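Asks: One structure is given below, represented as structure tokens, and several questions about it will come after.
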């Protein structure tokens, strides 16, 4: 158990990891934007069922899920923290780092989908709207190969 983590938090973290791996390994054919990327609704429904089966609904509130999400982002960051930037991509494709990063990314995704579910946000639509807004804000002809100006 991680320092400062409650048994309930650790149990939920382990369960979420297992449910994401189960969804990923289900082998069902999916229609999606990116090949191999699960539908967010499928992930949400699998997580809801997993939580309901264990009667963990009382632990599902936006603040708790957000704090868990931040913790998981920290764990993912820790994997990359000291990698040289020019080697990160190639090292992330090698084992065992590839599997560890995939597990942490799965945790982040499940918590983000859970947070959106708790807040009534259609995450897919919100993400597409954000990409459109960014495309309008940063026109290709003015921003090709240049980092966005944050001023």
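Coordinate-derived values only; no laboratory data. Bear in mind that the values here come from a model prediction, so they are computed numbers and not experimental data. Every residue, glycine as well, gets a Cβ built from its backbone with ideal geometry; the counts of neighbours run over all protein chains shown.
Asks: Determine, for 131, 51, the number of other Cβ atoms within 10 Å of each Cβ, and report the residues in order from fewest to most. Mind showing how you got there, number by number?
Replies: Values: 131 10, 51 19.
Lowest count first: 131, 51.
Asks: Oh, and also: Within region 113-151, which residues have the backbone N less than 13 Å from the label spot 7 Å out from residue 86 along Cα→beta-carbon, could you tell me?
Replies: Residues passing the 13 Å test: none.
Asks: Now a separate question. Using 0.36 nm per residue of separation minus the Cα-Cα distance, give me the extension gain between residue 52 and residue 98 in nm, one decimal.
Replies: Values: separation 46, 0.36 × 46 = 16.56 nm, distance 3.09 nm.
Result for the pair: 13.5 nm of gain on full extension.
Asks: Here's a follow-up. Within region 63-100, list the residues whose amide N lies under 15 Å from a label point set 7 Å along Cα→Cβ of residue 147.
Replies: 85-86
Asks: Write down, largest first, the equivalent ellipsoid semi-axes of region 35-151 in whole Å, where each equals the square root of 5 times an eigenvalue of the alpha-carbon gyration tensor. Intermediate results must be reported in sequence, preceding the final value.
Replies: Working: eigenvalues 166, 100, 38 Å².
So the three semi-axes of region 35-151 are 29, 22, 14 Å.
Asks: Among 150, 130, what is the fewest-to-most ranking by other Cβ atoms within 10 Å?
Replies: Ranking 150, 130 by Cβ neighbours within 10 Å, fewest first, gives 150, 130.
Asks: Could you sort the peptides 75-83, 96-104 by per-residue average Cβ neighbour count (10 Å cutoff), highest mean leading? Present the calculation step by step, with values, prior to reporting the outcome.
Replies: Values: 75-83: 12.6, 96-104: 14.1.
Packing order, densest peptide first, comes out as 96-104, 75-83.
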